[in-house]
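Contents: one structure, followed by commentary.
The values are calculated or read from the model by the stated rules, or taken from the named source; none is laboratory data. All figures in this text were calculated on a predicted structure; none of them were measured in a lab. Glycine also receives a Cβ, built like all others from the backbone with ideal geometry; neighbour counts cover every protein chain displayed. Side chains are part of the model used for accessible areas, which takes the heavy atoms of the whole protein and leaves out ligands, DNA and RNA. Shrake-Rupley method; radii C 1.70, N 1.55, O 1.52, S 1.80 Å.
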Amino acid sequence: MNAYKLPEDHLSPFLLRLGSQAEVYAPERQASGEVIFARLTDPARVVTEYTRTTLPLKKFFSLPSEVMFRFSVDRGYEVPEEIASVHRRVIFGAHACDLHALQILDRTFLHDQPDPYYAQRRESTALIGLSCTPDELCFCNSFGTGFVSDGYDLFFAAVPGGFFVQIGTTRGNDLIGMAKDLFAPADEADLLAYRRYLKEHNGKFTREVTTSALPGILELETGSALWGEAADRCLGCGSCSMVCPTCYCFSVSDRLDLSLKTGERRRTWDSCLFKEYATVAGGHNFRPGRDARLRQRLFHKFVDFPARFERYACVGCGRCTAACPAGIDFVALIKDLRREASA
Ligand code: SF4
Ligand code: SF4
């Protein structure tokens, strides 16, 4: 195994070294207690033990709202400078589930007709993974996403005294190369410490969801009253979609200025939980009820996506449950549906 050890007190110098070469983003705790990926200003603010960031990595690749291009009668189309130019970035501190989620987004944004905005940002961003601290809402182990063996440039696992560092790509190798004085090749003792970390980490998960035959269970339970019971509490706020690392829907709109000669095309995150989401020209809404919209969210993740890409579109991060102001717990709903189906 091509691995290194980084002593704990070498992390700050390493991040500063990265910052001299590229824009660096890392997890920071806010006054509210939330952890977010923020632009690195002071390595002392970086947290290496946290459960989940409020917004996942998708905010770096499919922006919450962005101008795709501007148009004008005189100049034609212009792509914003930020997209047209290559922008080197490093994101430090991505958990295994979030790295898996990015691979799910890749299937959508880079499949068939690659999205050039997403592709350019993926290409110019190096990813450094970091071991996580699960809580009672995490169930990534049920989807096999609590451990990651690719999809990163480097992966840091916290072991006593520092980090066990694995190299995933040649770009990751180059990142180590520019700070080689800070790293030491991992020895037998480091490997042992890493194996101990893996064992302990696996034992920390308390939540589980049975994934076998899940598409069939959901289809069987399409007409269940449980959807309506959850929908009675749902506010249709869309928070569950916004925080979800694998929800990728966006809406597109054109904005013209008053001269009708210039304007912009913008895309903005959307949610299938919004009432207008399935409304078409003429005003017909294909999913007028909140129960249908809730069902749509789960069907997309556990029925439609696996039918197309042979994997569930959920990584068990627990964000949707943590963010729901109505206390709707999708895992509990899935468990209830399974229980009802087998009663
Ligand atoms: S559905 Fe919920 S638990 Fe699954 S990836 Fe999305 S936010 Fe995380
Ligand atoms: S976060 Fe909760 S209340 Fe808001 S749309 Fe999602 S399920 Fe409904």
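Loop-only GluC sites (Glu not before Pro) in region 237-343, please: DSSP not H, G, I, E or B, and at most 15 other Cβ atoms within 10 Å.
Glu310
Spin-label point model (7 Å from Cα, Cβ direction): what's the Ser65 to Arg308 distance in nm?
Modelled inter-label distance: 2.6 nm.
Suppose every K and R has +1 on its Cβ and every D and E has -1 on its Cβ; what is the size of the dipole of region 214-341 about the Cα centre, in Debye to the nearest 20?
With Lys and Arg at +1 and Asp and Glu at -1, about 300 debye.
What's the carbon and sulfur percent of region 3-202's accessible surface, probe 1.4 angstrom, rounded to a whole number?
Here it works out to 51 percent.
Treating only the Cα positions of region 214-341 as identical point scatterers, give the base-10 log of I(q)/I(0) from the Debye formula at each q in 0.14 Å⁻¹.
-0.67
Taking chymotrypsin sites (Phe, Trp or Tyr not before Pro) that fall in a DSSP loop and have at most 15 other Cβ atoms within 10 Å as cut points, what is the longest piece of the chain between them?
1-146
With θ set to phi - 60°, apply the Karplus curve 6.51 cos²θ - 1.76 cosθ + 1.60 along region 121-128 and write out the HN-Hα couplings as whole Hz, x wherever there is a Gly or Pro.
Going residue by residue, I get 6, 5, 5, 9, 10, 8, 10, 10 Hz, with x marking Gly and Pro.
How big is the antiparallel share of DSSP beta bridges in region 3-202, given as a percent to the nearest 5?
65 percent
If amide hydrogens are placed 1.01 Å from N in the peptide plane, which non-local residues have theirs closer than 5 Å to the one on Val24?
Leu40, Val90
Once label points are set 7 Å from the Cα along Cα→Cβ at both Glu81 and Glu208, what is their separation, rounded to one decimal in nm?
Between Glu81 and Glu208, the label points sit 5.5 nm apart.
With both partners inside the chain, how many of the DSSP beta bridges are antiparallel, as a percent to the nearest 5?
75 percent
Would you count, across the chain, every pair of lysines whose alpha carbons are under 20 angstrom apart, provided the pair is eight or more residues apart or spans two chains?
6
Under the 0.36 nm per residue contour assumption, what length would be gained going from the current alpha-carbon distance of Thr222 and His284 to full extension?
Full extension from Thr222 to His284 adds 20.1 nm.
Would you compute, from DSSP H runs of 4+ residues alone, the mean residue ellipticity of the chain at 222 nm, taking -39500 (n - 2.57) per run and dividing by the full residue count, rounded to the nearest 500?
-9000 deg cm²/dmol
In Å², and per residue, what accessible area does the chain have when probed at 1.4 Å with the other protein chains present?
48 Å²
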